[in-house]
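I have placed the structure first, in the form of C-alpha cells, so that the comments after it can refer back to it.
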Amino acid sequence: MPDYRLTPDLAYQSSGKNWFQWNAQITYIIRQWEIYAGAENMLNFTQKNPIVMNDAPFSNQFDASMIWGPVRGAMAFAGFRWNMK
C-alpha cells in the first residue's frame with residue numbers, strides 16, 4: 001500500500017491488519033433437489049474507511065483503490081437447486 005506519511009492531512013495507515021474470513025456452506029441432496037445454506041464473513045470483520053477522502057470525491061487525494069478487506073459484514077444465504085436429468 002502507498003505510504004501516506006508525506007500527506008499529513010490524511011490519517012490513513014500504510015498497512016492493514018491481518019484478518020480471517022470464514023465461509024461455510026452445507027448441502028442436502030434429495031433425488032433431483034439440492035437444498036443449501038451457508039454464511040460468508042462469519043467473523044463479521046469489515047475494513048473501516050476503505051475509501052480515502054470519501055467525503056470529497058473531486059479532491060486530488062480521493063482514492064478508491066485502497067480496499068484490502070471486506071466492506072460488508074456477515075451474510076447468510078439459503079436456496080435450492082433442481083437438477084434436470
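We did not get these values from a lab; they are worked out from the coordinates using the rules stated. This one's a predicted model, so the numbers in the text were calculated from it and none came from an experiment. So basically every Cβ, Gly included, is an ideal-geometry build from the backbone, and we count neighbours across all protein chains shown.
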Could you please report the charge total around residue 69, scoring K, R as +1 and D, E as -1 over all other residues with beta-carbon less than 12 angstrom from its beta-carbon? +3
If the chain between residue 84 and residue 56 were fully stretched, how many nm would it gain, using 0.36 nm times the residue separation less the Cα-Cα distance? 4.9 nm
Provide the net charge surrounding residue 84, with neighbours chosen by a C-beta distance below 13 Å and charges set as Lys +1, Arg +1, Asp -1, Glu -1. +2
Could you work out the pair-distance distribution P(r) of region 26-70 from its alpha-carbon pairs, with 5 angstrom bin width and percents rounded to whole numbers? 5, 17, 14, 11, 11, 8, 9, 7, 7, 6, 4, 1
Each residue of region 63-78 in turn: what ³J(HN,Hα) in whole Hz from Karplus with 6.51, -1.76, 1.60 and θ = phi - 60°, glycine and Pro shown as x? 8, 9, 9, 9, 7, 10, x, x, 10, 10, x, 5, 9, 9, 8, 7
Amide H within-cut-off set for residue 66, under 5 Å, with H built and near neighbours excluded: 52
Within region 22-85, list the chymotrypsin sites (Phe, Trp or Tyr not before Pro) lying in a DSSP loop whose Cβ has at most 10 other Cβ atoms in a 10 Å radius. 58
Which of 45, 25, 58, positive extreme of dipole for region 20-85 (C-beta unit charges): 25
